[in-house]
Amino acid sequence: MQNSLNSILLALSFVYLYTLISCKPEEAQAVSQGKYAPARLSVLYSKAEEYIASWPDSLLIVAEQIKREGLRANNKQAIVRGERYLAQAKWRLGSHKEAMKLAIKALSDAEKWKTVSEIPDIYTIIGNLHKEKANYDMAFASADKGMRAAQMNQDTMAIIGLIRLKAMFTQGLGSQKKDTAMIHRSLDMHLEGLKIAESSPRFERQLTGYYNNIAQVYVKRDEPEKALFYVKKAIILANKYRQRLSLTYSYTWLSQVYFKNNDIENGTRYLQEALRICHELKNPFREMEISRYLYQALEPTGDYKHALEAYTRFIQIRDSLRVLENVRQIGELEIQYEAEKKDQQISALAAVNEVKSREIIWALVGVGVFVILSVFMLFQYRIITHSNRILEVNNQKINEQSEKLKVLMKELHHRVKNNLQTVSNLLSLQSSRLVDEDAKQSMKTGQQRIEAMSLVHKSLYSHDNVNMVDMNEYVTNLVESIMQSFGIYEDKLIPHINIEVKMLDIDIAMPIGLIVNEWITNSFKHAYKNVEDPKLSVILVEKDKLYLEIVDNGPGIDLQKWEKPGNSFGIKLVKVLARQLDANCRVTVDNGTRLLMQIPLPKHNAAT
Amino acid sequence: MKEKKAVILIVEDEGIQAMGLEETLEQAGYSVAGVSDNGLDVLEFVRTGDIDLIVMDIHIKGDLDGIQTARKVQEIKPNMPIIYLTAYVDPETTRRAEDTSPAAYITKPYRQVTLLSCVANALQRPEIEG
């Protein structure tokens with residue numbers, strides 16, 4: 001049981017929430033704007049529409065009720081409608097100035113509260129007020145504004161009404177100017193509007209006005225038959241919808257038809273009937289107009305008494321209405337309203353402009369900052385580019401200088417090589433003049449040492465890296481040079497040369513070269529004297545250190561001599577050079593002599 | 001009475017050049033205390049040995065070059081004559097070397113007679129009383 005109750009409550013909560021969420025603010029606004037008028041208001045609206053055509057006094061009362069109801073319910077549409085009806089009532093009662101004030105108030109409220117459906121009717125009232133004062137410029141302007149509003153609202157009923165209004169104004173102006181073309185144009189406009197009005201029974205009420213106006217045009221064009229055709233239709237509808245004011249117009253045009261047909265009696269009769277209705281309607285303006293028609297009709301007949309009565313009535317009503325002054329004041333009222341509206345618009349625009357100006361200023365500031373930043377960055381870019389260019393130039397200069405240095409170094413090595421070669425040649429030349437064989441041998445040995453040094457420079461000259469010696473090339477050339485100096489060629493001895501170290505710094509390569517030169521020279525001098533198949537092995541590898549191994553298959557060196565060189569310059573030289581290299585030397589004798597040197601690698605060596 | 005031979009220390013990291021120097025000096029009648037190729041060994045020689053003159057190459061092994069070694073030697077023995085025998089001829093090196101008030105500054109390649117006359121001259125220089 002409890003669970004069922006909870007379920008029901010939960011479901012109701014969801015429904016409530018859904019309703020709350022789904023109730024759009026626009027709907028609330030629509031209620032406020034009277035789209036869904038409560039029942040009471042609907043009744044009042046119907047009464048008002050009934051009274052518009054005939055009973056302006058009653059319309060006044062109903063209009064006040066509608067406005068009060070609107071204020072009570074905060075129904076903006078009702079308030080504006082009430083104001084409109086009030087304006088209309090005042091207009092019908094001849095209080096044109098008051099009518100204009102009320103109409104402008106209604107217009108202002110309609111625009112403020114966006115009750116746009118009221119705007120065409122309000123402009124209709126205003127236009128009519130201007131027209132009745134023969135202020136056609138203002139009348140047309142109001143009709144145009146009303147038409148624009150009706151078109152925006154897609155309010156066909158209002159459009160029909162405003163077409164007729166403009167057609168009527170055109171006719172009125174044409175009559176005033178005695179411009180028949182304008183009168184013809186107004187007929188065309190009326191007929192166009194009539195087509196739309198006759199297209200649906202919904203617009204039947206509005207046909208009365210059209211028929212009356214068209215009848216009036218045909219009267220002006222002196223076509224009484226056509227005028228009669230339309231005026232009869234107007235009378236039928238006016239009686240059907242109790243449009244008593246329209247009836248006065250119908251009777252007026254009917255009387256004109258009679259007058260055209262020289263039926264003064266009927267013509268007069270209908271004018272007096274129209275006059276009576278106007279008096280009941282308390283519509284002095286219509287009374288004034290009809291009095292004028294009556295005077296114009298009676299005066300030619302010689303009925304001066306009634307003609308004078310009609311004329312007097314016309315003057316009195318005209319003076320009481322203070323027509324001329326009202327024209328100016330009514331015009332001023334609307335102009336004032338329009339001016340105020342314009343001022344408001346200007347203020348609003350000014351406010352918008354101010355906001356926009358501020359935005360523009362900020363935007364300009366932003367643009368300014370952006371421009372400054374851009375300029376700064378451009379400046380920085382140019383500085384950087386300039387610096388880069390300078391760096392590039394400097395790099396190029398450095399590269400060029402480096403290349404020049406390389407070239408110079410190569411040239412230097414070349415010259416050193418050549419100079420050493422010159423020294424070697426000098427020694428050779430000197431040697432050839434010696435008689436003593438020992439002396440000759442010493443010269444030759446010295447020559448070979450110089451050759452060993454010269455080959456280093458030859459290798460340096462041959463490569464791009466002017467500090468590094470290609471050990472494979474160097475040792476191979478050195479061994480060949482030594483063999484040649486001893487007249488030993490490959491038919492007798494093929495040396496095993498295994499140089500796994502590619503490049504060595506000159507400071508290491510030179511001493512190694514001199515050591516190799518000394519040891520191999522010693523081997524050729526002493527080791528191979530009685531060896532049929534001489535063998536020689538030179539190995540240079542790199543592991544944690546450089547390992548230099550030279551092996552021959554001679555009888556073997558005197559190890560005591562190695563330990564204590566005495567006068568042996570060659571062994572002394574090897575030891576000195578080994579010491580220079582911080583090398584560890586070990587000499588063993590086993591079917592030949594084996595020299596093994598362990599040479600520490602310097603940090604800067606770029607041997608690969 | 002046999003005149004005591006002057007004892008000269010050779011500071012040279014090129015072995016062959018050191019050999020040549022040693023032979024030249026010995027043939028000239030000098031005693032060579034030894035050949036050193038770095039500044040620390042030189043200081044050890046000076047502290048422990050009886051050295052009369054040092055023939056110093058400037059470019060040697062180790063953290064001290066010949067000029068720095070000479071300064072250190074003068075801290076130990078201010079009157080020790082030092083002859084620079086070097087390939088460096090740039091103004092900066094010669095200025096640094098001059099600051100140590102050497103007995104001579106000989107550039108390579110040198111002539112034996114130049115070296116020997118500088119050695120003789122240095123050894124005959126009276127001791128400066130400190």
Just for chain A, what percent of DSSP beta bridges are antiparallel, to the closest 5? 85 percent
Which value in deg cm²/dmol, rounded to the nearest 500, describes the helix-derived mean residue ellipticity at 222 nm for chain A, given -39,500 (n - 2.57) per DSSP H run of n ≥ 4 and division by the residue count? -26000 deg cm²/dmol
List the relative contact order of chain A as a percent without decimals, with contacts defined as Cα pairs under 8 Å and 6+ residues apart. 7 percent
What's the exposure ranking of A:Ser454, A:Ser537, going from fewest to most Cβ atoms within 10 Å? A:Ser537, A:Ser454
Neighbour counts of other C-beta atoms within 10 Å: give me A:Asp57, A:Asp533, A:Asp188 arranged from fewest to most. A:Asp533, A:Asp188, A:Asp57
Quantify how strongly other chains surround peptide B:8-15 by giving the mean number of their Cβ atoms within 10 Å of each of its Cβ atoms. 3
Assign one of three labels to the range A:222-315, namely rounded, prolate or oblate, based on the Cα gyration tensor with a ≥ b ≥ c the square roots of its eigenvalues; rounded applies when a/c is under 1.5, prolate when it is not and a/b is larger than b/c, and oblate otherwise. oblate
When we measure straight from the Cα of A:Lys492, which aspartates and glutamates land under 13 angstrom away, once same-chain ones fewer than 8 places off are left out? A:Glu480, A:Glu532, A:Asp533
Just to be sure I understand: with springs between alpha-carbon atoms less than 10 Å apart, which residue in B:Thr48, B:Thr100, B:Thr69 has the highest mean-square fluctuation in the Gaussian network model of chain B? B:Thr48
How much mean residue ellipticity at 222 nm does chain B get from its helices, if each DSSP H run of length 4 or more adds -39500 (n - 2.57) and you divide by all residues, to the nearest 500 deg cm²/dmol? -13000 deg cm²/dmol
For the range A:502-557, run through the trypsin sites (Lys or Arg not before Pro) and keep only the ones in DSSP coil with at most 13 other Cβ atoms within 10 Å of their Cβ. A:Lys529, A:Lys543
Beyond 20 Å (Cα-Cα) in this structure, taken from A:Lys47/A:Lys195; A:Lys101/A:Lys341; A:Lys226/A:Lys260; A:Lys47/A:Lys114; A:Lys444/A:Lys572; A:Lys101/A:Lys133, we find A:Lys47/A:Lys195; A:Lys47/A:Lys114
Going through A:Lys535/A:Lys575; A:Lys417/A:Lys561; A:Lys410/A:Lys440; A:Lys564/B:Lys72; A:Lys406/A:Lys440 one by one, the pairs whose alpha carbons sit over 30 Å apart turn out to be A:Lys417/A:Lys561; A:Lys410/A:Lys440; A:Lys564/B:Lys72; A:Lys406/A:Lys440
Taking 0.36 nm per residue of sequence separation and subtracting the Cα-Cα distance, how much length would be gained by fully extending the chain between A:Glu49 and A:Asn419, in nm to one decimal? 119.9 nm
May I ask which residue of A:Asn553, A:Leu391, A:Leu405 lies farthest towards the positive end of the charge dipole of the protein assembly as shown, with charges of +1 (Lys, Arg) and -1 (Asp, Glu) on Cβ and the Cα centre as origin? A:Leu391
Could you tell me whether the range A:457-599 comes out rounded, prolate or oblate from its Cα gyration tensor? Rule is a ≥ b ≥ c as square roots of the eigenvalues, rounded for a/c under 1.5, then prolate if a/b exceeds b/c, otherwise oblate. oblate
Rounded to two decimals, the Rg over Rh value of chain A from Cα coordinates and the Kirkwood Rh reads 1.78
Given charges at beta-carbon only (K, R positive; D, E negative), |dipole| of chain A in Debye: 2420 debye
Computed over the range A:383-528, the relative contact order (Cα-Cα under 8 Å, seq sep at least six) in percent reads 23 percent
At what distance in nm do the modelled label points of B:Glu98 and A:Lys564 sit from each other, each positioned 7 Å from its Cα along Cα→Cβ? 5.1 nm
Using the 10 angstrom Cβ neighbour count as an exposure proxy, how do B:Met56, B:Met19 rank, fewest first? B:Met19, B:Met56
Compute the Cα gyration tensor for the range B:7-124, then decide on rounded, prolate or oblate, letting a ≥ b ≥ c be the square roots of its eigenvalues: rounded whenever a/c is under 1.5, prolate when a/b is larger than b/c in the other cases, and oblate in all that remain. rounded
With a 10 Å radius around each residue's Cβ, average the other Cβ atoms per peptide and rank A:241-247, B:102-108, highest first. A:241-247, B:102-108
In nm, spacing of pseudo-spin labels at A:Glu280 and A:Gln345 (7 Å Cα→C-beta vector): 4.5 nm
May I ask for the longest run of chain A untouched by GluC sites (Glu not before Pro) that are loop-located per DSSP and have at most 11 neighbouring C-beta atoms (other than their own) within 10 Å? A:1-489
Quick one: putting +1 on the C-beta of Lys and Arg, -1 on the C-beta of Asp and Glu, what dipole do you get for the range A:457-599 around its Cα centre, in Debye to the nearest 20? 580 debye
Loop sites only, by DSSP: take the trypsin sites (Lys or Arg not before Pro) in chain B that have at most 14 other C-beta atoms within 10 Å and name the longest stretch containing none of them. B:6-110
Rounded to the nearest 20 Debye, what is the dipole magnitude of chain B about its Cα centre when Lys and Arg each give +1 and Asp and Glu each give -1 at the C-beta? 340 debye
Once normalised by the length of chain B, the mean sequence separation of its alpha carbon contacts under 8 Å that are 6 or more apart gives a contact order in percent of 22 percent
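The numbers here are math on the coordinates, done by the rules we state, and not lab data. None of these values were measured; they are calculated from a predicted model. All Cβ positions, glycine included, derive from the backbone under ideal geometry; neighbour counts span all protein chains shown.
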